[in-house]
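One structure is given here, and the rest of the page talks about it.
The values are calculated or read from the model by the stated rules, or taken from the named source; none is laboratory data. Fair warning: this is a prediction, and the values are worked out from it, not measured in the lab. Positions of Cβ are backbone-derived with ideal geometry, glycine not excepted, and every protein chain shown enters the neighbour counts.
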2 protein chains.
Amino acid sequence: MIKRRLQRVTLQAHQVSSALQINSAIAITPEQRHYLCNVLRLETGAEFIALDRQGGWWLAKLCRDLSDLDIATVIDKLENNSELNSKITLGIAMPKGSNLESVIRQTTELGVRQIVPLFSDRTIIKSGAEIGNQKRDRWQRIAEEASELSVRTYIPEINTPQTLGVWLADLAKSTALALKYICVTSPDTTHLLTSLQSLNTEENFEIIIATGCEGGWTAREEEIAIAAGFIPVSLGDRVLSAVTAPVVALSIVSAFLDTK
Amino acid sequence: MIKRRLQRVTLQAHQVSSALQINSAIAITPEQRHYLCNVLRLETGAEFIALDRQGGWWLAKLCRDLSDLDIATVIDKLENNSELNSKITLGIAMPKGSNLESVIRQTTELGVRQIVPLFSDRTIIKSGAEIGNQKRDRWQRIAEEASELSVRTYIPEINTPQTLGVWLADLAKSTALALKYICVTSPDTTHLLTSLQSLNTEENFEIIIATGCEGGWTAREEEIAIAAGFIPVSLGDRVLSAVTAPVVALSIVSAFLDTK
C-alpha cells in the first residue's frame, strides 16, 4: 500500500511512444522537472509513480544521465491501481449547451473509460456537422485534465458524436460480452443497483450505460435499445437532470464494483 | 400510480400559510394560471398535484370562484411521493469559488433535505463574515429551483455556514437517532455502501454525511468527527473532487434506500 502514497505523474504521449519496461529511461519534461524538483522538492534518487496512459503504473526513480540532465529510470512495474475492474462505457444523449463538459469531468473522476455523445430524438443538436473539431478537442482535453486530477491511469476516450441508431448497430457488431443498461424513468422499472446485484457472476463484464438528455428517451428509442439487448433500469424515484443522471449511474456502478 | 403522472405545481409560501386540507381553496397566482391554463391548456375541472413545500401532495382541481376568478380546490390528500424515507443531511466543507452551487443543485435532485456549509481547516473561506446574505439567499433559491425541477415535495434547507466544531456540538445536543458518516480517503476504509448494507434494521434513521473540500479533512477533523460518533467511510478507490464527492455520497445513500 505504501507505494500508492508516492507522487503520481501522468507521462506525456511522446514519453511512452515505446512501451515502458523495467530499466527504461524516461526523459523528464521541463514541467515535470519543475513539479517534481521545485514544487515537491524531490531530490535525485527519489521515487515516484509514472502512469503510462494505458493503465500501467511504474515505479520510477529520479536520476541524472551522463550529461547531468534529469531523467527517470523505471525500477518496477506496480500492480495496484485505482481503476475499476470493468470497462465502463457511457452513451449520453447530448445535454443542452456546454453541460456535457461537467458530465465528462465528473464521470471521469468516477472511472468511466469511454464516453459516446449521442444524438437522440430529443437532443437539440442533431448531427456532427453542428459540432466543431475544436469542441471535440476540448472534450478530450477535459477528460485528460480530470483524469490527471483524479489520478486515473486511463484517460477516457471521448468518441465522435453519433446517432443512437449508429451506436447500437456498432455495439451489435462487437463480440465483447457486455452488460448493457438504458436508464429510463418509467415507474416500476428495476433499480440499476438491484439489477447489478442480481448478477450471479464473478466475471468482470464490460458495462455499457445509456442516459438520456432533457426529457429522456422517447418510447421508440427505448424500444430499439431494448431490442439491441439493453436492460431498462431506474436510477431511483426522483427526477434527475440530464447532467446528474450519468453521475448517479456511474456512482452506482462504481460502488457496486468496489464492494462486490 | 396514475395520479403521479398529473402536472405538479409547488405552491408559494403565502399559498400554504394555513395548512391545506380537503376542500381548501387555493388562490392561483398569475404565473401558475399562465402555466396551467395557457402553457398546459388545462381547463376548468382539470386536476393537478399541488405540493405544499412541507412534503405533502394534494390532488387539486382547477375551478372558478363566485367572482369568476381561477382558483383551485383541494380534493384529496395523496400518500405517494418520490421522497426518500430517511431525512438526509449533508455537511459540506465549502468548495472553492461558486462550486457549492452545483453541489446544492445536484444533491437536491438526489433527495437531500438539509445542507450545512462548513468552514474547515482547509476551506479558503474561514468565517461567515466573508459570505454575504445575498449569497445565502442565492443558495436557497438554487435549492428551490432544483427542488421544483426535480418535482421534490421538500425544499432542502440551506443552513448558515458554520465551523465543523460548532456543527458537531449542535449535533451532539440533538436527541434524534441518526447515522453519521464522514467521507475520508484513507485506504482500507469501509465503503459507504458496505457500511449501509451492514445495517440490520428496518427503521428509517436520519442519515448525516460529511464531505471535505479540496484536500479533504485534516487528521484532526477526522478525529473530532469520529469522537462525535461519525463513522469514517470511503466513496471508492478513485480520487473525487470536492464537487463530485457529495453527489456520489447522495447517489449511494439514495440507491441504498430505494432498493432496501
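If you go through the range A:102-123 one residue at a time, do you hit one that is among the hydroxyl-bearing types (Ser, Thr, Tyr), under 12 Å from A:Pro246 (Cβ atoms) and more than 9 Å from the chain's Cα centre (by Cα)? Yes, the conditions are met somewhere in the range A:102-123.
Please verify whether A:Leu250 is assigned to a helix (DSSP H, G or I), at pLDDT 95 or above, under 21 Å from the mean Cα position of the chain (by Cα) and under 30 Å from A:Val16 (Cβ atoms), treating the condition exactly as stated. For A:Leu250, the condition - assigned to a helix (DSSP H, G or I), at pLDDT 95 or above, under 21 Å from the mean Cα position of the chain (by Cα) and under 30 Å from A:Val16 (Cβ atoms) - is met.
The rows are residues; the columns are (1) over 27 Å from B:Ala176 (Cβ atoms); (2) among the polar types (S, T, N, Q); (3) touching a residue at least 40 places away in the same chain (Cβ under 8 Å); (4) surrounded by 24 or more Cβ atoms within 10 Å (Cβ to Cβ).
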residue: B:Met94; (1), (2), (3), (4): no, no, yes, no
residue: B:Gly97; (1), (2), (3), (4): yes, no, no, no
residue: B:Thr107; (1), (2), (3), (4): no, yes, yes, yes
residue: B:Leu110; (1), (2), (3), (4): no, no, yes, yes
residue: B:Gln114; (1), (2), (3), (4): no, yes, yes, no
residue: B:Ile131; (1), (2), (3), (4): yes, no, no, no
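Does the range B:170-186 include one or more residues that are among the charged types (D, E, K, R), more than 24 Å from B:Ile104 (Cα to Cα) and away from chain A (no Cβ under 13 Å)? Yes: one or more hits. Consider the range A:225-236 and keep the residues that are in a helix (DSSP H, G or I) and in contact (Cβ under 8 Å) with a residue 40 or more places away in the chain. The one that is nearest to A:Gly91 (Cα to Cα) is A:Ala225. Scanning the range A:76-90 for residues that are away from every other protein chain (no Cβ under 14 Å) and within 12 Å of the chain's Cα centre (by Cα) returns A:Lys87, A:Thr89, A:Leu90. Scanning the range A:239-256 for residues that are more than 7 Å from every other protein chain (Cβ to nearest Cβ) and either of a type in the set (S, T, N, Q) or out of contact with any Asp or Glu (no Cβ under 6 Å at 6 or more places or on another chain) (or both), we see that the one that is nearest to B:Gly111 (Cα to Cα) is A:Ala245.
Does A:Phe230 fit the bill of being away from chain B (no Cβ under 12 Å), surrounded by fewer than 17 Cβ atoms within 10 Å (Cβ to Cβ) and either among the aromatic types (Phe, Trp, Tyr) or touching a His at 6+ places or on another chain (Cβ under 8 Å) (or both)? Considered against the rule, which asks whether it is away from chain B (no Cβ under 12 Å), surrounded by fewer than 17 Cβ atoms within 10 Å (Cβ to Cβ) and either among the aromatic types (Phe, Trp, Tyr) or touching a His at 6+ places or on another chain (Cβ under 8 Å) (or both), A:Phe230 comes out as no.
Scoring B:Gly215 on the criteria (1) crowded, with 17+ Cβ neighbours inside 10 Å; (2) closer than 22 Å to A:Arg8 by Cα leaves a single failure, condition (1).
Of the residues making up the range A:196-216, those that are touching a strand residue (DSSP E or B) at 6+ places or on another chain (Cβ under 7 Å) and closer than 20 Å to A:Thr123 by Cβ number 6.
Cβ-Cβ contacts under 8 Å between residues 6 or more apart (or on different chains), taken from a first residue in the range B:29-42 that is surrounded by 10 or more Cβ atoms within 10 Å (Cβ to Cβ) to a second residue that is in a helix (DSSP H, G or I) and hydrophobic (A, V, I, L, M, F, W, C), are listed as B:Leu42/B:Leu36.
Listed here are the residues, each with its yes/no results for (1) surrounded by 15 or more Cβ atoms within 10 Å (Cβ to Cβ); (2) modelled with pLDDT of 95 or more; (3) assigned to a loop (DSSP other than H, G, I, E, B).
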{"residue": "A:Ala176", "(1), (2), (3)": "no, no, yes"}
{"residue": "A:Lys180", "(1), (2), (3)": "yes, yes, no"}
{"residue": "A:Ser186", "(1), (2), (3)": "no, no, yes"}
{"residue": "A:Asn200", "(1), (2), (3)": "no, no, yes"}
{"residue": "A:Ile208", "(1), (2), (3)": "yes, yes, no"}
{"residue": "A:Glu223", "(1), (2), (3)": "no, yes, no"}
{"residue": "A:Arg238", "(1), (2), (3)": "yes, no, yes"}
{"residue": "A:Asp258", "(1), (2), (3)": "yes, no, no"}
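When A:Leu196, A:Leu240 are screened for being touching a Ser or Thr at 6+ places or on another chain (Cβ under 9 Å) and of a type outside the set (Val, Ile, Thr), only A:Leu240 passes.
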